[in-house]
Structures are given as C-alpha cells and as structure tokens.
Amino acid sequence: MNFGKRLRNLREGQGDTQETVARAIGIPLRNYQRFEHNEGLPRFEIFCALADYFQVNMDYLAGRTDLRDAPPPRIMETDRLRLRPFRDDDAPDVFAYARNPAVGPVAGWPPHNSESESLEIIRTVFSKPGVFAMELKETGHVIGSVGFVDGHPEGLRPDCPDNELGYALSQDCWGRGLTTEAARAVLRYGFAVFKFHVIWCGYYEGNDRSRRVVEKLGFRYRFQRETDVPLMGDRRLTHFYTLTKEDWYGQLPSASPGR
C-alpha cells in the first residue's frame, strides 16, 4: 500500500477531514492534499507529526510494517510541567496540597486527613491510565492532578466517545496558569490517544477559578443543572461545557507553509 493511500485510510478510519488533519499538524491544507495524492513525501518533522496524530508507528505509516499501534505516551512535558503516572512515593506531596480545605471541597471532595489516605487515592482514583500527576519541573514535587474522571454528563453514545476532564492544583501554585498548561496537553492526549470525540468539563457554582480554566481552554457552555455531590453530602448547581475534537484542532495555530 502506498503512502498516500495509507494516510487516506487512517484519516477516513477515524472520521477526520483533510482540513482537520492539516490544522492539527500545522501545515496548509493544499500541502496535506498533495501527500494523500502521492505528490511528494513530507519532511521528517511533518512525517513524525502525522504518525503522532494518528497514533501509529512511523514504519506502519511508511508501509514497512503492518504493526500499526504505537504505545501511548504516559509521560508528557510542557514548558513547566512533567505529566506522568502517579507513584506511591507521591503520597507526601499529594497530602501536602490535598489537606488544604481551599482545594478539595470547592471541587466536590473533602480534604485528606493523612498521607495514608492520599496513598489510597493514588492507588485507586489516580491509577487510571487517563490520570496524570502534575510534577513541577523546577522543584520535582507533585502539585496537582489532571486527567479523565469517567464522567459522561449526557450519557456515553457508541457513536460519540466522550469523557470528562478533571483537575486539582495546590493553592501555592494558583494564579500561574499551570492548570491550563497541563490541561492543554491532556486534551490533546484525549483526542489523539483515547480517540474521544467530545470532552466535557464542569464546575460548581461559585468556583470561579475553574470557570476561568474552562473558558481559557475553549470549552463551550452546554447546560446547567443541580447535581448530587456524594463525597460532600450536598447538592450544587453545576455548569457543564464541552469541547469537540473539531473545535480543539481548529484552535491550533497553523505553521508557515512548508513542502
């Protein structure tokens, strides 16, 4: 199978348009169309971007192997953060921020009472493959969590895979844009690796910090309703927002024209 046909099959297989892929990897649409028509091959960095976007081995994309799947990255880096799986030895750091009553209750969970409780959360809630520790590069300490919480506010439809984004951040790090920075990387992971079509995000009435994060990330308001908050034993007005795969890739800046 030639490169152009394999590229076209990958795109059509996940229901993307040529324009969506071109925007995602930062090239003009006309250049991407040339690749699908076998009018030249992409330079190496664009080839890597295509393999990353479709989450396949570069050898598969080049037609040298039928081993398609590339292992999903479990460690990502942003300018200031390392996003990685939680470890047991993160318990002291988690307890340091999670015991603060300003952090958890506004998001619907009570402050942690001990390092052993934080360890239990690490081994259960934080053990899911879509949840990441936010490690601050400048200190090496874990300052929060970010990832997918298995929430489906309108019900999961087979034709529209979705999930809900959640996050928490140490009060010591508020006001620095770190949650937004981490969430941008995780959103890309959700769309590219988990193949979500829609990602939800919500906040409880009065949680203005979370509202600002949602708006910075480009989510669109959908609806609001009263919901139970089981861990806090109350009900709250909850505001729900969504971000679609198309809207997410549409936000990405296009690079200057290339080959």
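Small (Gly, Ala, Ser), surrounded by 12 or more Cβ atoms within 10 Å (Cβ to Cβ) and closer than 13 Å to residue 8 by Cα: does that describe residue 62? Outline the logic, then answer.
Working: small (Gly, Ala, Ser): yes; surrounded by 12 or more Cβ atoms within 10 Å (Cβ to Cβ): yes; closer than 13 Å to residue 8 by Cα: yes.
Yes; evaluated as a whole, the condition is true for this residue.
Selection of the range 98-113 for residues being touching a helix residue (DSSP H, G or I) at 6+ places or on another chain (Cβ under 7 Å) and either basic (Lys, Arg) or under 23 Å from residue 139 (Cα atoms) (or both) yields 98, 100, 102, 103, 104, 112. The residues of the range 65-87 that are buried (at least 17 other Cβ atoms within 10 Å of the Cβ) and over 24 Å from residue 179 (Cβ atoms) amount to a single one, 70.
Tell me, please, whether a residue that is loosely packed, with under 15 Cβ neighbours inside 10 Å and under 17 Å from residue 82 (Cβ atoms) can be found in the range 141-154. No - not one qualifying residue is present in the range 141-154.
Of all residues in the range 30-55, those that are without any contact (Cβ under 8 Å) to a residue 40 or more places away in the chain, in a helix (DSSP H, G or I) and of a type outside the set (D, E, K, R) total 8. Screening the range 157-259 for helices (runs of 4 or more DSSP H) wholly inside it with 2 or more residues that are touching a helix residue (DSSP H, G or I) at 6+ places or on another chain (Cβ under 9 Å) and over 24 Å from residue 133 (Cα atoms) returns the ranges 245-251.
Of the residues making up the range 88-118, those that are part of a loop (DSSP other than H, G, I, E, B), surrounded by 12 or more Cβ atoms within 10 Å (Cβ to Cβ) and without any contact (Cβ under 8 Å) to a residue 60 or more places away in the chain are 99, 111, 112. Close contacts from the range 1-22, counting a first residue that is over 16 Å from residue 195 (Cβ atoms) and a second that is aromatic (Phe, Trp, Tyr), with Cβ to Cβ under 8 Å and a gap of 6+ residues or different chains, come to 3/35; 4/35; 6/60; 7/35; 18/32; 22/32. The set of residues in the range 159-180 being out of contact with any strand residue (DSSP E or B) (no Cβ under 9 Å at 6 or more places or on another chain), of a type outside the set (Phe, Trp, Tyr) and within 17 Å of residue 105 (Cα to Cα) consists of 171 alone. Candidates are the residues of the range 1-56 that are of a type in the set (S, T, N, Q) and more than 19 Å from residue 188 (Cβ to Cβ); the one that is nearest to the chain's Cα centre (by Cα) is 18.
Conditions (1) closer than 29 Å to residue 233 by Cβ; (2) under 12 Å from the mean Cα position of the chain (by Cα); (3) modelled with pLDDT under 95, marked per residue:
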| site | (1), (2), (3) |
| --- | --- |
| 98 | yes, no, no |
| 104 | yes, no, no |
| 112 | yes, no, no |
| 127 | yes, no, yes |
| 134 | yes, no, no |
| 143 | yes, no, no |
| 183 | yes, yes, no |
| 190 | no, yes, yes |
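Does the range 22-38 contain at least one residue that is surrounded by 17 or more Cβ atoms within 10 Å (Cβ to Cβ), of a type in the set (S, T, N, Q) and at pLDDT 85 or above? Yes.
The values are calculated or read from the model by the stated rules, or taken from the named source; none is laboratory data. All of these numbers come straight from a predicted model, not from anything done at the bench. A quick note on method: Cβ atoms are made from the backbone with ideal geometry, for glycine too, and the neighbour counts reach across all protein chains shown.
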